[in-house]
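Below: one structure, written as structure tokens.
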Amino acid sequence: MEVGQMQRRLVDYTKSLFMEGFLDAQFLQLQQLQDESNPDFVVEVVSLFLDDSEKLLNDLTMALDQPNVDFKKVDAHVHQLKGSSSSIGAQRVKNACIAFRSFCEEQNIDATLRCLQQVKQEYYLVKNKLETMLRLEQQIVAAGGSIPMIELGF
């Protein structure tokens, strides 16, 4: 596939992530911080987000698996995951965390367990989408092309 085709494919794919609500404008701001002096900025930030999120999801699973759930601890983990999701623009994960936190306040164990599954589902979806997007970017660079800037005028 030629570079121009790969670039169009990346633009279309990335736009679909916004249209489907996986990403929001915060992700565009993140991309704008990347330049020649720091060409791997987005990859590094996404990798940190993915690593931190995996750890937080494991911590949440363990915290909710205790006989006496410490809802303050659970809420702190959810709050941290919401912040990470928000800072990278992972909109659907952030929104799932908002619902999760309200059930923590109510100390509703059944609802928090359902929310944990929803947050995990949204996280793994966005993780796969981001990994696909980054792979497309790597293919473009390997073929000698540059990463096109995405403008959301749709």
### Query
How much of the accessible area of the chain, probe 1.4 Å, is carbon plus sulfur, in whole percent?
48 percent
### Query
If amide H atoms are built 1.01 Å from N in the plane of the peptide, which residues on other chains or at least 5 residues away come under 5 Å of the amide H of residue 23?
18, 91
### Message
Using only the alpha-carbon atoms, how far is helix 109-142 inclined from the longest principal axis of the chain? Give it as 0 to 90 degrees, nearest 10.
### Response
10 degrees
#### Entry: Computed label-point distance, nm, for sites residue 38 and residue 125 using a 7 Å Cα→Cβ extension
3.0 nm
## Note on the structure
Nearest 10, in degrees from 0 to 90: the angle of helix 91-106 to the longest Cα principal axis of the chain is 10 degrees
### Query
Shape of the stretch 1-44 from its Cα gyration tensor (a ≥ b ≥ c, root eigenvalues): rounded if a/c is under 1.5, otherwise prolate when a/b > b/c, or oblate?
oblate
### Task
When a/c is below 1.5 the answer is rounded, else prolate if a/b is larger than b/c, else oblate, so apply that to the stretch 82-130 with a ≥ b ≥ c taken from the square roots of the Cα gyration tensor eigenvalues.
oblate
#### Entry: Cα pair count fraction exceeding 23 Å, expressed as % - the stretch 21-154
38 percent
## Note on the structure
Result: in the chain the number of Lys pairs with C-alpha under 16 Å apart, spaced 8 or more or on different chains, is 14
### Query
For the chain, with every protein chain kept in place, what is the accessible area per residue (1.4 Å probe, Å²)?
56 Å²
### Query
Want the number for residue 20 to residue 132: 0.36 nm per residue separation, take away the alpha-carbon distance, what's left?
38.8 nm
### Message
Run the paramagnetic zone check for residue 31: 7 angstrom along Cα to Cβ, then residues of the stretch 65-91 with backbone nitrogen under 15 Å.
### Response
88-91
### Length-normalised contact order for the chain - Cα pairs under 8 Å, 6+ apart - percent
32 percent
## Note on the structure
For the chain, longest principal axis from Cα atoms; helix 3-19 axis from its Cα atoms; angle between them, nearest 10 degrees, is 30 degrees
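The values are calculated or read from the model by the stated rules, or taken from the named source; none is laboratory data. Just so it is clear, the model here is predicted, and its values are computed rather than measured. Positions of Cβ are generated from backbone atoms using ideal geometry, with glycine treated the same way; all protein chains shown enter the neighbour counts. Quick note on the areas: whole protein, heavy atoms, side chains included, nothing else; ligands and nucleic acids left out. Shrake-Rupley method; radii C 1.70, N 1.55, O 1.52, S 1.80 Å.
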